[in-house]
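A short write-up of the structure that comes next.
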Amino acid sequence: MLRVSRLCAAHGAVQAARDVDLEVAAGTLVALIGSNGAGKTTTLNSIAGLHKPASGTVTVAGRDITGWACHRVVRSGVALVAEGRRVAPPLTVVENLELSAYSGRSSKAELREQLERVFDLFPRLAERRDQYAASMSGGEQQMLAVGRALMTKPDVLLLDEPSMGLAPSIVDVLFQTITTLHEAGATILLVEQNAELALAVSDHVYVMQRGQIVSEGTPDLVRGRSEVMSALFG
Ligand SMILES: Nc1ncnc2c1ncn2[C@@H]1O[C@H](COP(=O)(O)OP(=O)(O)OP(=O)(O)O)[C@@H](O)[C@H]1O
Ligand SMILES: [Mg+2]
């Protein structure tokens, strides 16, 4: 469904992603793990159109979207929950969700349906529907950021470190929701620094180090490779 091949991306002199190949089959949850500065965010941002790759291709359901601007990528069915909880602080929960839906492909009727779906997934957001995003906790803002992505009815959901900086109890809630989405057939590429968490929920794992994919396989296989685990956990 989502295929990245030989992707290269640089930040000035830093070649942050080199010859990255990865595939996310429809209905699977794939994790991309690796230590600080490995190039995970660069890879996701290159898929989502926030960063222009130097070379390589990104295809979704066979369609080449390489180098497309992010608004076109969203309309092609790929939604990114960027690193660091992007919400619009001066808007309420409902306003944040509705605004996001307009950048997607939803009609008015679908918008209501999607809104209900997001509220079913995150009852906490439903309780706070008229609250300003600015006054919500970090965990609630992360739920809202995921909700905003879902409002665009994505075929592929890209999540960049959803657990970052959150209390363990909130991380549990978020990951239960990610599992629920996965069980409902969503296609997800999850970037996580917390390797244990990623290995616990994914079907397939890619390990990135210094801009390259250094290992891949099922979570059990990756867990069994001591050289990979020591690179990740020190
Ligand atoms: N805007 C930028 N300008 C210059 N260098 C950058 C920029 N963004 C990232 N880099 C560099 O590119 C490399 C890869 O960064 P990237 O953010 O993709 O890693 P990451 O795996 O997401 O790390 P983290 O786990 O810390 O989020 C790093 O060396 C980083 O310093
Ligand atoms: Mg990152």
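The values are calculated or read from the model by the stated rules, or taken from the named source; none is laboratory data. Computed from a predicted model, the values in this text were never measured in an experiment. Note: ideal-geometry Cβ built from the backbone for every residue, glycine included; neighbour counts use all protein chains shown. Ligands, DNA and RNA are stripped out before the accessible areas are found, and what is left, the full protein with its side chains, is counted by its heavy atoms. Shrake-Rupley method; radii C 1.70, N 1.55, O 1.52, S 1.80 Å.
In this structure, is Val81 in contact with a strand residue (DSSP E or B) (Cβ under 6 Å, 6 or more places away or on another chain), open to solvent by less than 10 Å² (accessible area, probe 1.4 Å) and within 16 Å of ligand 2 (Cβ to nearest atom)? Judged against the criteria, Val81 is a match.
Among the residues of region 12-46, the ones that are touching a helix residue (DSSP H, G or I) at 6+ places or on another chain (Cβ under 7 Å) and surrounded by fewer than 17 Cβ atoms within 10 Å (Cβ to Cβ) come to 1 in all.
In this structure, does Glu83 turn out to be among the acidic types (Asp, Glu) and free of Cβ contacts under 8 Å to residues at least 24 places away in the same chain?
Criteria not met by Glu83.
Remark: pairs (first residue in region 31-46, touching a residue at least 24 places away in the same chain (Cβ under 8 Å) and of a type in the set (Phe, Trp, Tyr); second residue near ligand 1 (Cβ under 6 Å from one of its atoms) and assigned to a strand (DSSP E or B); Cβ separation under 8 Å; 6+ apart in sequence or on different chains) are absent. Looking across region 190-234, the residues that are more than 13 Å from ligand 1 (Cβ to nearest atom) and part of a strand (DSSP E or B) come down to His204, Val205, Ser215, Glu216, Gly217. Out of Ala88, Ala31, Ala38, one residue alone is within 17 Å of the chain's Cα centre (by Cα) and under 23 Å from Gly138 (Cβ atoms). It is Ala31. With respect to the conditions (1) in a loop (DSSP other than H, G, I, E, B); (2) over 17 Å from the mean Cα position of the chain (by Cα); (3) small (Gly, Ala, Ser), Gly56 lacks only one, and its number is (1).
With respect to Ser76, is the statement that it is over 15 Å from the mean Cα position of the chain (by Cα) and crowded, with 16+ Cβ neighbours inside 10 Å true? Considered against the rule, which asks whether it is over 15 Å from the mean Cα position of the chain (by Cα) and crowded, with 16+ Cβ neighbours inside 10 Å, Ser76 comes out as yes. Of everything listed in (1) closer than 23 Å to Ala26 by Cβ; (2) open to solvent by less than 10 Å² (accessible area, probe 1.4 Å), the single unmet condition for Ala186 is (2).
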